[in-house]
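Scroll down for the structure; my scribbles are underneath it.
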Amino acid sequence: MREGFGKERVVGIFMPASFTPSEDQSDARSLAENLRIYTLFAPMTPIVEKFWEAVPLEERNRVVIGNVLARMRMIVNYYVANSLNYLVARTGDRSEILMGYFTKYGDGGADLLPIGHLYKTEVRELPAYLGIPSGIVHKLSSPQLWEGQKATDEIPVDYPVLDPILHCLFDAGESSSIIVKQLNLRPELSTQ
């Protein structure tokens with residue numbers, strides 16, 4: 001994005017929740033400095049707390065709460081974008097899109113999908129080209145919608161196994177039985 005639009009036309013928005021690890025906050029600041037983009041800080045906990053005050057349901061399921069956080073983040077994204085006459089770029093990749101691993105009207109909403117055509121394993125190769133520190137690149141994937149959330153706890157296998165499966169299914173049109181044999185997978189993966 002920075003190269004395509006120019007760093008002066010890109011705004012990062014850091015939206016931590018109360019449980020966001022300090023290491024992630026430090027990495028976000030470091031990345032913004034590395035990319036030399038202007039970054040806004042918008043802590044999400046006060047916003048979400050006001051929502052729960054205004055809509056006092058007793059629902060405390062972590063997925064429901066996490067989806068509220070994702071949607072509040074999207075509201076902030078569009079507020080900033082609309083205020084500056086910018087577009088919202090989504091960081092979702094092809095793996096997440098094909099699995100439906102996003103929050104509808106939350107992190108699933110955007111005007112641009114600059115990496116939407118790349119599988120997660122391909123996305124992880126880009127940072128070396130862009131000079132992004134390897135510590136950030138090799139972090140476990142997490143939407144950060146609740147404390148300790150990791151994508152690998154919610155998907156059937158990690159991305160180095162998942163991406164070839166998705167490629168065979170969606171790009172090559174192979175059947176699940178062929179994919180299990182071709183990729184030498186555990187047979188139970190074809191039913192997940």
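The values are calculated or read from the model by the stated rules, or taken from the named source; none is laboratory data. Computed from a predicted model, the values in this text were never measured in an experiment. When we count neighbours, we look across all protein chains shown, and the Cβ atoms used for this are built from the backbone with ideal geometry, even at glycine.
Kindly provide the set of residues from the range 8-49 that are in contact with a helix residue (DSSP H, G or I) (Cβ under 7 Å, 6 or more places away or on another chain), more than 20 Å from ILE75 (Cα to Cα) and surrounded by 13 or more Cβ atoms within 10 Å (Cβ to Cβ), ordered by number. Scanning the range 8-49 gives ASP27, LEU31, LEU35, ILE37. Within the range 97-104, one or more residues are in a helix (DSSP H, G or I) and either in the same structural domain as GLN182 (by TED's automatic domain parsing) or touching a residue at least 24 places away in the same chain (Cβ under 8 Å) (or both). Screening PRO114 on (1) more than 12 Å from the chain's Cα centre (by Cα); (2) in a helix (DSSP H, G or I) shows it passes everything except condition (2).
For the range 96-108, the criterion of being within 24 Å of ASP24 (Cβ to Cβ), hydrophobic (A, V, I, L, M, F, W, C), modelled with pLDDT of 90 or more and touching an Asp or Glu at 6+ places or on another chain (Cβ under 9 Å) is met by at least one residue.
The set of residues in the range 117-133 that are in a loop (DSSP other than H, G, I, E, B) and of a type in the set (Gly, Ala, Ser) contains only GLY131. Can you tell me which residues in the range 134-151 are surrounded by 14 or more Cβ atoms within 10 Å (Cβ to Cβ), out of contact with any helix residue (DSSP H, G or I) (no Cβ under 7 Å at 6 or more places or on another chain) and in a helix (DSSP H, G or I)? If the condition is that a residue be surrounded by 14 or more Cβ atoms within 10 Å (Cβ to Cβ), out of contact with any helix residue (DSSP H, G or I) (no Cβ under 7 Å at 6 or more places or on another chain) and in a helix (DSSP H, G or I), then ALA151 is the only one that fits. Once the range 154-179 is narrowed to residues that are at pLDDT below 85 and assigned to a helix (DSSP H, G or I), the residue that is nearest to SER18 (Cα to Cα) is SER176.
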